């Protein structure tokens, strides 16, 4: 691999990491503010007419769970090389299908 290819690969990796950390930062800030709103800590800063009843924010738990799952999947995709069991599983599956193809092609000779 040439140095320019290594540089481009490293640059791409840094960009992906930066994107993930921005995603995580936004997730923490938004959900933190939503929970402060729900708990009533920020109600004194809300404009008049803004709904402050706690039932208004019942959807926050769903948001946290779904968005949390999305962040977790993003992390798994980005850090897949850190999880050797995923790589081993992938290699086993490739080998399994290659063996199956070899067996099937051998049947018809």
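The values are calculated or read from the model by the stated rules, or taken from the named source; none is laboratory data. Everything quoted here is computed from the prediction, not taken from an experiment. No Cβ is skipped: glycine too gets one built from the backbone with ideal geometry, and neighbour counts run over all protein chains shown.
Have a look at 87, 82, 12, 96 and point out the one that is modelled with pLDDT of 85 or more and within 20 Å of the chain's Cα centre (by Cα).
Going through 87, 82, 12, 96 in turn, the sole match is 12.
Are there any pairs, at least 6 apart or on different chains, whose C-beta atoms fall under 9 Å, with the first in the range 59-76 and farther than 24 Å from residue 15 by Cα and in the same structural domain as residue 16 (by TED's automatic domain parsing) and the second modelled with pLDDT under 90 and part of a helix (DSSP H, G or I), and if so, which?
60/34; 60/35; 60/37; 60/38; 63/34; 64/34; 64/35
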